1. Among all residue pairs at least 6 apart or on different chains, which show Cβ distances below 6 Å where the first residue, located in the range 133-147, is under 19 Å from A159 (Cβ atoms) and the second is of a type in the set (D, E, K, R) and in a helix (DSSP H, G or I)?
2. With modelled with pLDDT of 85 or more, closer than 26 Å to L164 by Cα, surrounded by fewer than 18 Cβ atoms within 10 Å (Cβ to Cβ) and out of contact with any strand residue (DSSP E or B) (no Cβ under 9 Å at 6 or more places or on another chain) as the only criterion, which of V15, V7 stands out?
3. How many residues are on the phi > 0 side of the Ramachandran plot and surrounded by 17 or more Cβ atoms within 10 Å (Cβ to Cβ) if we restrict to the range 279-299?
4. Name the single residue that is farthest from A123 (Cα to Cα) among those in the range 300-317 being among the aliphatic types (A, V, I, L, M) and buried (at least 24 other Cβ atoms within 10 Å of the Cβ).
5. Can you work out which of the residues in the range 331-359 that are of a type outside the set (G, A, S) and touching a Ser or Thr at 6+ places or on another chain (Cβ under 6 Å) is surrounded by the fewest Cβ atoms within 10 Å (Cβ to Cβ)?
6. Of everything in the range 247-299 that's in a loop (DSSP other than H, G, I, E, B) and either polar (S, T, N, Q) or in contact with a Gly (Cβ under 9 Å, 6 or more places away or on another chain) (or both), which residue is farthest from I380 (Cα to Cα)?
7. Would the range 120-128 turn up any residue that is crowded, with 19+ Cβ neighbours inside 10 Å, among the small types (G, A, S) and more than 29 Å from L328 (Cα to Cα)?
Amino acid sequence: MVAYISVVHGLIHTVEFSYAALLSRIDSEFGAGLFVLGIIANGFAFTFGFSALPSGILVDRLGTQRVLTIAFTLAAIAALLVATSPNTVVLGLFLGLLGLSIGLYHPAGISFIAQATSRRGLALGWHGLAGNLGIAAAPIITIGMAEAFGWRWAYVLMAFLCLLAALSLRFVTIRPEASQEPASNEEADRSATRRFRMPLPLLLVYGVFVLNGFIYRGSLTFLPVHIENTLSLSWFGLDEVWLASSLTTLALLAGAVGQLFGGALSERFRLERMAIPLTFALLPTLLLIGVSSGIWVVLFASLFVFANFSSQPIYAGLIADYTPPQALGRSYGVSFFAAFGIGSFAASFSGFFADRWGTDSVFLVLSGFAVLTLMLAAGIWYLGEQALRRETADSETVDTSGG
């Protein structure tokens with residue numbers, strides 16, 4: 001089940017990233033400019049994040065399988081509508097519908113993964129790896145279709161794949177295993193109760209989701225165009241646009257490795273402690289993308305993508321740590337609305353800078369948001385250390401009293 005959910009997670013992100021991959025071709029047809037197309041990306045990303053809120057409620061009531069069936073059925077319809085868009089206004093409306101559809105996925109998929117196995121960190125890592133493979137595949141798949149048939153046919157292909165996913169859900173049964181049952185250990189129960197009564201760390205994690213979502217949306221929306229703009233290479237007679245899309249895919253594949261790396265770390269170390277170094281790594285890599293050119297952009301983009309996605313299993317695990325199991329779907333709904341909904345405004349925000357000062361300015365500005373994210377990560381670490389000291393003191397009190 002973890003493998004199946006991970007595969008459909010990859011499809012969700014292929015659909016999501018298709019717009020960014022096709023941005024230059026859509027601009028060529030409509031001639032709207034990067035700022036206008038950034039606003040459309042903003043609307044698409046906001047609806048992608050917004051539908052996480054009702055999805056979280058639906059997951060707690062209907063379960064993962066029904067929510068995923070609804071999501072992929074609506075996504076197939078919406079992708080076909082996007083392919084018929086006659087102008088940018090209609091394109092924006094249909095992309096908004098597509099965002100609402102695929103945005104139902106994350107609270108359903110992540111809450112299932114968090115409860116499906118005792119090896120939660122690695123499960124989240126594999127699930128995230130599949131998502132990154134989906135992102136990395138988007139430029140190759142969509143640009144390949146666009147080169148052969150036009151960008152609209154790329155969305156026809158997305159519709160077909162979503163329809164296949166919806167039909168496949170008729171032949172599987174998605175149900176968390178017994179490992180999600182509460183532990184009977186009394187001390188573990190007391191520790192869990194204390195965690196669930198700590199709203200401030202959970203709020204800080206939500207804040208990290210907002211800022212990481214802002215960095216994610218702003219960087220990935222303009223990374224393919226930035227690589228195209230700064231690349232001045234031609235290997236083996238390949239077209240520069242095709243070469244740029246291939247190198248973008250290569251850079252995004254680093255995120256898949258990062259997901260596994262973060263998942264493995266979360267199995268061995270306290271999540272609060274790992275959040276700081278992984279979050280800090282965003283700052284220098286964003287700055288280096290902004291000031292470099294040529295093949296160096298691809299290298300630094302790969303390092304940034306690795307760092308960005310290696311922290312995702314960490315923060316997804318912290319959501320599960322600080323949320324009662326019966327409210328996990330809703331909590332992931334809030335967190336993914338924070339990341340994809342509120343963070344969606346980075347698309348128009350970054351488009352403003354890209355239109356006036358070039359795509360390199362986008363990454364320099366986003367580095368400031370990396371500093372704010374690091375400050376929140378430090379707050380989570382501090383509160384986690386304080387909670388650990390209290391738990392240690394409580395257990396020593398029990399031991400000395402003969403409990």
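1. Between residues of the range 133-147 that are under 19 Å from A159 (Cβ atoms) and residues that are of a type in the set (D, E, K, R) and in a helix (DSSP H, G or I), the close pairs are A146/R25.
2. On the way: V15 fails: surrounded by fewer than 18 Cβ atoms within 10 Å (Cβ to Cβ).
After ruling out the rest, the residue left standing is V7.
3. In the first step, residues of the range 279-299 are kept if they are on the phi > 0 side of the Ramachandran plot; the result is 294.
Okay, now just the ones that are also surrounded by 17 or more Cβ atoms within 10 Å (Cβ to Cβ), so none.
So the answer is 0.
4. Applying the first criterion (among the aliphatic types (A, V, I, L, M)) to the range 300-317 yields 301, 303, 305, 307, 314, 316.
Filter once more, keeping what is buried (at least 24 other Cβ atoms within 10 Å of the Cβ): 301, 305, 307, 314, 316.
Values: A301: 26, V305: 20, A307: 19, I314: 12, A316: 11 Å.
The selected residue is A301.
5. To start, the set of residues in the range 331-359 that are of a type outside the set (G, A, S) comprises 332, 334, 336-337, 340, 342, 345, 349, 352-353, 355-357, 359.
Now narrow it down to the ones that are touching a Ser or Thr at 6+ places or on another chain (Cβ under 6 Å): 332, 353.
Values: Y332: 28, F353: 22.
Across the range 331-359, the extreme among qualifying residues is F353.
6. The first filter runs over the range 247-299 and keeps only residues in a loop (DSSP other than H, G, I, E, B), leaving 269-270, 281, 292-294.
With either polar (S, T, N, Q) or in contact with a Gly (Cβ under 9 Å, 6 or more places away or on another chain) (or both) added as a condition, the list becomes 270, 292-293.
Values: R270: 12, S292: 33, S293: 36 Å.
So the residue we want is S293.
7. No: the range 120-128 contains no residue that is crowded, with 19+ Cβ neighbours inside 10 Å, among the small types (G, A, S) and more than 29 Å from L328 (Cα to Cα).
Rundown of residues vs (1) more than 15 Å from the chain's Cα centre (by Cα); (2) within 30 Å of F269 (Cβ to Cβ), yes/no style:
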residue: T88; (1), (2): yes, no
residue: F94; (1), (2): yes, no
residue: A108; (1), (2): no, yes
residue: L133; (1), (2): no, yes
residue: A138; (1), (2): no, no
residue: W151; (1), (2): yes, no
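The values are calculated or read from the model by the stated rules, or taken from the named source; none is laboratory data. Keep in mind the model is a prediction, meaning the values are calculated, not measured. No Cβ is skipped: glycine too gets one built from the backbone with ideal geometry, and neighbour counts run over all protein chains shown.
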